[in-house]
Amino acid sequence: MGEQQQLLSDRFEPLNLVELLSEDPLLVGTFLGLLQSLFKFALRDSSVGHGDGRLLRPRAAWLQNESHRNFFIAQWQKEPGEFDIVVVNLSPWDSQCYVTPRIKDLARGQWEMSDRLGTDQYLRSGREMKQPGLYLALKGRQAQIFRFRRV
């Protein structure tokens with residue numbers, strides 16, 4: 001653990017959200033409202049829940065790694081040249097997989113991949129997303145929402 005991480009962990013106790021919410025029922029409504037606002041912000045102008053939606057099948061990232069079975073992956077597309085993918089690692093363990101988005105002409109060109117819950121952006125080859133596929137690695141119980149736009 002780095003020195004800065006150690007200093008932070010010495011100063012802050014981990015927050016048990018379930019415990020906190022069970023102690024004060026009024027916080028439940030506040031917390032749910034905050035979550036709703038967060039998701040509305042993160043999903044503004046998104047195709048999640050709109051347009052053509054489909055489940056995607058994750059594949060093993062390498063031989064003898066069965067963690068791809070821990071993923072739920074859904075894709076939505078409402079406009080040509082852009083789509084969104086929601087990825088959830090349902091297990092408590094870090095998991096990895098490959099997945100191939102089901103998009104017409106996926107292999108043609110480059111795609112900008114933006115993390116809708118953060119600020120990270122990546123450039124992905126359509127050809128590589130087609131074969132071997134888009135590589136995903138998520139921590140246990142982590143979820144990600146990605147926006148893809150052809151560039």
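Values computed for the structure shown
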| item | result |
| --- | --- |
| Condition check for residue 107: part of a loop (DSSP other than H, G, I, E, B), surrounded by fewer than 20 Cβ atoms within 10 Å (Cβ to Cβ) and in contact with a Cys (Cβ under 9 Å, 6 or more places away or on another chain) | no |
| Residue tally, condition more than 19 Å from residue 142 (Cβ to Cβ) and buried (at least 16 other Cβ atoms within 10 Å of the Cβ), over segment 79-104 | 5 |
| Subset of segment 69-99 [farther than 25 Å from residue 45 by Cβ, without any contact (Cβ under 8 Å) to a residue 60 or more places away in the chain and of a type outside the set (Gly, Ala, Ser)] | 69, 70, 89, 90, 92, 93, 94, 96, 97, 98 |
| Test result for residue 113, within 19 Å of the chain's Cα centre (by Cα) and in a helix (DSSP H, G or I) | no |
| Count of segment 123-151 residues which are loosely packed, with under 12 Cβ neighbours inside 10 Å and over 18 Å from residue 61 (Cα atoms) | 2 |
| Test for residue 48: is it more than 14 Å from residue 136 (Cα to Cα), surrounded by 15 or more Cβ atoms within 10 Å (Cβ to Cβ), modelled with pLDDT under 95 and aliphatic (A, V, I, L, M) | yes |
| Given (1) under 19 Å from residue 138 (Cβ atoms); (2) modelled with pLDDT of 95 or more, number of the condition residue 63 does not satisfy | (1) |
| Which numbered condition residue 135 fails, given (1) under 21 Å from residue 40 (Cβ atoms); (2) in contact (Cβ under 8 Å) with a residue 40 or more places away in the chain | (1) |
| Counted residues, segment 123-151 - those being outside any strand (DSSP E or B) and either in contact with a His (Cβ under 6 Å, 6 or more places away or on another chain) or of a type in the set (Val, Ile, Thr) (or both) | 1 |
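Table: residues versus (1) at pLDDT below 95; (2) polar (S, T, N, Q).
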site	(1), (2)
121	no, yes
133	no, no
138	no, no
144	yes, yes
147	no, no
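The values are calculated or read from the model by the stated rules, or taken from the named source; none is laboratory data. Predicted model, so just to flag it, every value in this text is computed and none were measured. Cβ atoms come from the backbone with ideal geometry, glycine included; neighbour counts cover every protein chain shown.
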